Every structure is written in structure tokens, then in C-alpha cells.
Amino acid sequence: MIDSTPRPRVELRLGREDDRDFIVELAAATFAALGDYRATMSSWLAAADVGAVVATEGGERLGFALVAARRAIGFARRPTGELLAIALVPARQGRGIGRMLLERAELVARGWRAAEMRLHTAESNVRAQRFFAAAGYRRHPSRPSVYPSGEQALEMVKPLR
């Protein structure tokens, strides 16, 4: 017998004030090996140039992407988007939801007329590096950066056309 019960589908929406605790706690759990991100996430969420995208299914929050608009330096230069964080609840990883969140974050940055999206990821996080590379991001030489834990960060960039 075929189950014809309608299943909820993943929806993406802009983050709201009532998403704050979910975002902060999921980030704290996801990035625990890199340091305590509760204060950092709270300050990012309070910034005027930061937007959140939240994935839900049937009212349940599944993950988020946090993107910032970075002002261009120099005359006639376009701004840059920065993916500050992206995370999914562990049970929902590997189902394409992260890709959906990343694409929506890029769309938000394009809405700001961003020329590119930048991000940092841990040098040891090969899974994330592969995920971003598959979405068109490439390693970008930059000055050394480290996470609070001391882990080395690498920068990746993708042009937004």
C-alpha cells in the first residue's frame, strides 16, 4: 500500500527574533570544537548588516545560515557577502538542506548587490571544504586567521554573478 499522507516539505524563511535561541544553541553545539560561539553569535545576530535564513519542516527548525553584508572599500566597488555560519541539526545533515540554505544565503547577498561571497572554515573540516567546493567556492589566500580554539581557518570565495 502506498502512503499518500502529505509530508511537510522544507521551507526557507528569513530569521526572526524568536529564532535567536535556536540559532545560538545550534551554533554552540556545531562549532563547540572551535570555541564557545554563544556570545559571538548573539553579537552577529544583533548587527544591522546581518541576516539569517532558517530552514523549517512542519514548523520544526532544521538549520540556519547567517550572512553579512560587507561594505566595499574604494569607489565604484560592489559590496561583498560573508557567510558567517551555516549549521543543521545532525539528524538532517546529508539531505540537501545545507545546499538549500547556502543557495538562499547567496541570493540574499545578491540582493545586496554583492560581487562575491566569502567564508571561513576550519582547516581540519574537510567535509565542509568539500561541501563549499562543490557549490563553487575556492580557497583564497588571505592573512592567517584562527578560531578561539587555536584552529587555523581558511578562507573560501565564490563570485556571485
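Phi angles across region 54-62 convert, under the Karplus curve 6.51 cos²θ - 1.76 cosθ + 1.60 with θ = phi - 60°, into 3J(HN,Hα) values of 10, 9, 10, 8, x, x, 8, 6, 10 Hz, Gly and Pro given as x.
Helical content of the chain, expressed as a calculated mean residue ellipticity at 222 nm, amounts to -8500 deg cm²/dmol (DSSP H runs of 4 or more residues, -39,500 (n - 2.57) each, divided by residue number, nearest 500). Helix 97-111 axis versus longest C-alpha principal axis of the chain: approximately 50°, rounded to the nearest ten. A simple rule links phi to the HN-Hα coupling: the Karplus curve 6.51 cos²θ - 1.76 cosθ + 1.60 with θ = phi - 60°, which for region 42-48 gives 4, 5, 4, 5, 7, 6, 5 Hz, with x for Gly and Pro.
To put it simply, the accessible area of the chain at a 1.4 Å probe is 53 percent carbon and sulfur.
Going through [x] 12.2; [y] 8.8; [z] 11.1, the figure that equals mean projected area of the Cα convex hull in nm² as computed for the structure here is [z]. Per-residue 3J(HN,Hα) values for region 25-34, derived from phi via the Karplus relation 6.51 cos²θ - 1.76 cosθ + 1.60 with θ = phi - 60°, read 6, 5, 4, 4, 6, 5, 9, 4, 5, 9 Hz in sequence order (x marks Gly and Pro). Of the residues Phe31, Pro79, Val50, the one whose Cα sits farthest toward the positive end of the charge dipole of the chain, with +1 on the Cβ of Lys and Arg and -1 on the Cβ of Asp and Glu, is Pro79.
Of the trypsin sites (Lys or Arg not before Pro) found in region 6-104, those in coil by DSSP whose Cβ has at most 13 other Cβ atoms within 10 Å are Arg9, Arg16, Arg71, Arg77, Arg95. The dipole here belongs to region 45-161: it is taken about the Cα centre, uses +1 on the Cβ of Lys and Arg and -1 on the Cβ of Asp and Glu, and is about 440 debye.
Accessible surface for region 1-143, divided over its residues, is 60 Å² per residue with a 1.4 Å probe.
The values are calculated or read from the model by the stated rules, or taken from the named source; none is laboratory data. Quick caveat, the model's predicted, so the values are computed rather than measured. With ideal geometry, Cβ positions are generated from the backbone for all residues, glycine too; neighbour counts draw on all protein chains shown. The protein model used for the area step is the full one, side chains on, heavy atoms only, and it has no ligands, DNA or RNA in it. Shrake-Rupley method; radii C 1.70, N 1.55, O 1.52, S 1.80 Å.
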